[in-house]
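The values are calculated or read from the model by the stated rules, or taken from the named source; none is laboratory data. The structure displayed is predicted, hence computed values, not measured ones. Cβ placement follows ideal geometry from the backbone for every residue including glycine, while neighbour counts extend to all protein chains displayed.
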There are 2 protein chains.
Amino acid sequence: MEASKVALLVVGQEILTGGVIDVNIAHTAKKFYDKGVILAKVEIVPDKIDDIAEAVKRLSTTYDYLITSGGIGPTHDDVTVEGVAKALGQQVIKHSYLETVLSRHYKGATLTAAQSRMAMVPAEAELLISTSPSDDYFLPQVYVKNIYLLPGLPKLYSHYLEHIMPVFTGVPLLHDEISIKGIETKLTAALNRSVHKFPQVRFGSYPSFEPGKPDSFMVKITFEAPNEASLADAKEFFLEQLSQDLSVIS
Amino acid sequence: MEASKVALLVVGQEILTGGVIDVNIAHTAKKFYDKGVILAKVEIVPDKIDDIAEAVKRLSTTYDYLITSGGIGPTHDDVTVEGVAKALGQQVIKHSYLETVLSRHYKGATLTAAQSRMAMVPAEAELLISTSPSDDYFLPQVYVKNIYLLPGLPKLYSHYLEHIMPVFTGVPLLHDEISIKGIETKLTAALNRSVHKFPQVRFGSYPSFEPGKPDSFMVKITFEAPNEASLADAKEFFLEQLSQDLSVIS
């Protein structure tokens, strides 16, 4: 099983102008990493149809899946649906089932123009209906081809992300790490040789020190691999390559 | 004077895998907004030369300037310089002045391969030398054409961003806002009419409520414009358009 490569497109002028700090990117990164799904690319665009369309076209064809975050509410600057439709060369249509759900939610009253906006979808869109009786979020998840349109509000975003997680396949990585006394540049040669020898292993190098204490320099080296054998081999090889004047603490 | 349109490219596998939460995006957004510089696009890529090169090529030709964050340290996964050079079709060369600065910093000792890596730059790179005597960050800012290569560590990133801010021109916006009692969809029509009438004004719509209190629905409408006249006109027009069953609180 191959891990899915997924791109995330955050739509939101308010993030680019500093009015709102995005948290959906970090949330997605953590969720995906734990399952072994690959977050391959993230982009943030303003609420402009052409900017969204350009990114959607490129990302949905480059990666296995694309998630969009934001821009699907009722206001004038919610143009993600239009952007996605434009990228795919599809019309925007009113989805009758979504309209029914909205009418029910708004107690049968005639929908305002703004409310019925939320029933608009790209022509070939499909719905992911929740089967959970405890699901109190009233609108089904809209997707079209390999593109999943999620709301931007973090509470809603994480709720709908949970719904679509089964779509993505993942290969969780195994971890190991060691701490070394010394400065990072002293072990870079050993690290580089290890990286070249073990292309399937991911190495991380995280230096730290206490200000004013030259003896406090430390480096944490992390190893991540799809199986125990390559994890152990990579660690052993790296330790062999380390120069003698560095000491491994743990 | 036109406001500069700037793209930000964050290079960092650690952000895509949730190991580190990016703060440079929000910092840049706030700094730019205050000066009236436009943060037009943000992308996050893994530490892969081809991914960096693709994004650099596209962003540096689409926008006035491109800032890169991260990937310029001494370790194996610091490949931003290679990515930028590839995007521009330039060789990576050793910069003799940077090498001198590094040697001085490392007390005249022969540079390790890892240390001298930080003297590597795209062939046509130039340096922005700080004239501040209090500047205790030892490496000059590297840039090539309209691309500024900044370190990813937030403390360093914000320091170097401060240095390059004079490069960008900005037109700060004026603000106004009102709070309205009611639900957002009731004022969307008025908002949409206003948006169409005042293309040079930016409108924001931010609903809020206390759970379980149907009477607590509120919407904050924000206005942003380049001058006092259009700010006042837009607010006045919007208030005229509001339906009678909504009350303006402030």
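Quick grid of which residues meet (1) surrounded by 14 or more Cβ atoms within 10 Å (Cβ to Cβ); (2) modelled with pLDDT under 85:
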{"residue": "A:Pro172", "(1), (2)": "no, no"}
{"residue": "A:Val195", "(1), (2)": "yes, no"}
{"residue": "A:Met218", "(1), (2)": "yes, no"}
{"residue": "A:Phe223", "(1), (2)": "yes, no"}
{"residue": "A:Pro226", "(1), (2)": "yes, yes"}
{"residue": "A:Gln241", "(1), (2)": "yes, no"}
{"residue": "A:Gln244", "(1), (2)": "no, yes"}
Considering only region A:10-19, how many residues are at the interface with another protein chain (Cβ under 10 Å from one of its Cβ atoms) and crowded, with 24+ Cβ neighbours inside 10 Å? 3
Test: residue in region B:155-163 that is away from chain A (no Cβ under 13 Å), polar (S, T, N, Q) and exposed (fewer than 15 other Cβ atoms within 10 Å of the Cβ): no
May I ask you to list the residues in region B:145-179 that are assigned to a helix (DSSP H, G or I) and charged (D, E, K, R)? B:Lys155, B:Glu162
Check on A:Glu82, more than 20 Å from B:Tyr206 (Cα to Cα), surrounded by 23 or more Cβ atoms within 10 Å (Cβ to Cβ) and among the acidic types (Asp, Glu): no
Under 7 Å by Cβ, and 6 or more places apart or on different chains, what pairs join a residue from region A:78-105 that is touching a residue at least 24 places away in the same chain (Cβ under 8 Å) with one that is of a type in the set (Gly, Ala, Ser) and crowded, with 22+ Cβ neighbours inside 10 Å? A:Asp78/A:Gly71; A:Val79/A:Gly71; A:Thr80/A:Gly70; A:Thr80/A:Gly71; A:Gln91/A:Ala85; A:Val92/A:Ala85; A:His95/A:Ala125
Single residue of A:Val219, A:Val142 found to be assigned to a strand (DSSP E or B) and assigned by TED's automatic domain parsing to the domain that holds A:Thr75: A:Val142
Residue list for region B:121-141, filter: of a type in the set (A, V, I, L, M, F, W, C) and at pLDDT below 95: B:Leu127, B:Leu128, B:Ile129, B:Phe138, B:Leu139
Residue that is farthest from A:Ile67 (Cα to Cα) [pool: residues in region A:20-42 that are modelled with pLDDT of 95 or more and more than 9 Å from chain B (Cβ to nearest Cβ)]: A:Val37
Taking only region A:43-58 into account, find how many residues are more than 10 Å from chain B (Cβ to nearest Cβ) and closer than 15 Å to A:Leu150 by Cβ. 2
Give the residue that is nearest to the other protein chains (Cβ to nearest Cβ), with candidates limited to residues of region B:180-216 that are assigned to a strand (DSSP E or B) and over 25 Å from the mean Cα position of the chain (by Cα). B:Pro207
In the set B:Thr17, B:Thr62, which member is at pLDDT 95 or above and either within 10 Å of the chain's Cα centre (by Cα) or not charged (D, E, K, R) (or both)? B:Thr62
